[in-house]
Structures are given as structure tokens and as C-alpha cells.
Amino acid sequence: MNAFFACGVAGTELTAEERALLTALAPGVVVLFARNLASQEQASALLDELRALPDPPLVAVDVEGGKVNRLRGIVGALPAAAAAGGVGLEACR
């Protein structure tokens with residue numbers, strides 16, 4: 001795994017070319033965006049495809065909360081980052 005290499009994919013499923021590139025490059029992380037996430041079932045299938053790679057990458061989702069929510073179609077509304085960041089801070093001190 002190339003821990004210093006992160007990339008994205010074009011759509012909601014891997015193409016044969018993407019699968020070959022991901023196998024050859026072995027990125028440490030694949031970042032998913034709104035274009036990659038149509039439904040819970042489709043997202044699960046894409047994750048299964050990524051986990052089936054010879055050297056499966058970590059998977060991250062570009063989620064900022066508030067207006068920028070790549071998971072809107074899957075989990076609904078998320079709080080803005082500032083609101084989420086303030087939750088439980090006292091417990092960490």
C-alpha cells in the first residue's frame with residue numbers, strides 16, 4: 001500500500017481501467033465524493049469493490065457538514081463542522 005497516495009474514482013462503480021490502476025498503484029486512500037454515492041446499496045457495493053482489491057485502501061468521504069454533505073442521499077442532513085466540533089469537548093479535557 002502506498003500510504004502517501006490518495007485518489008478518487010469517477011463514478012458509482014469501478015471501471016475495468018480504474019480497477020487495474022488501483023491494483024497497480026495501490027493507493028493508501030480512496031476519497032469518495034457526491035458523484036460516487038447514489039444510494040446506500042450502491043455505496044455498499046462500491047465499498048465491496050474497493051475491499052476486494054489486492055491491497056484494499058482506506059476509504060474516506062469528503063464531508064464538511066452543513067451545506068457540503070456528500071452523504072445527503074444516504075444518511076440525510078449532517079451538522080456543520082463547527083457544530084459537530086463543539087460536541088463533547090468538555091469530556092475530552
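Among the residues of the stretch 5-34, just one is polar (S, T, N, Q), touching a residue at least 24 places away in the same chain (Cβ under 8 Å) and over 18 Å from residue 62 (Cβ atoms), namely 23. For a quick check of your reading: which strands (runs of 3 or more DSSP E) sit entirely within the chain and have at least 1 residues that are modelled with pLDDT of 95 or more? The strands (runs of 3 or more DSSP E) meeting that bar are 2-7, 27-32, 58-61.
What's the number of the only condition in (1) of a type in the set (Val, Ile, Thr); (2) open to solvent by 60 Å² or more (accessible area, probe 1.4 Å); (3) within 10 Å of the chain's Cα centre (by Cα) that residue 23 fails to meet? Against the list (1) of a type in the set (Val, Ile, Thr); (2) open to solvent by 60 Å² or more (accessible area, probe 1.4 Å); (3) within 10 Å of the chain's Cα centre (by Cα), residue 23 comes up short only on (3).
The values are calculated or read from the model by the stated rules, or taken from the named source; none is laboratory data. Keep in mind that what you see is a predicted model, and the values were worked out from it rather than measured. As a convention, Cβ positions derive from the backbone with ideal geometry for all residues, glycine included, and neighbour counts pool all protein chains shown. Only protein heavy atoms, including side chains, enter the accessible area calculation; ligands, DNA and RNA are left aside. Shrake-Rupley method; radii C 1.70, N 1.55, O 1.52, S 1.80 Å.
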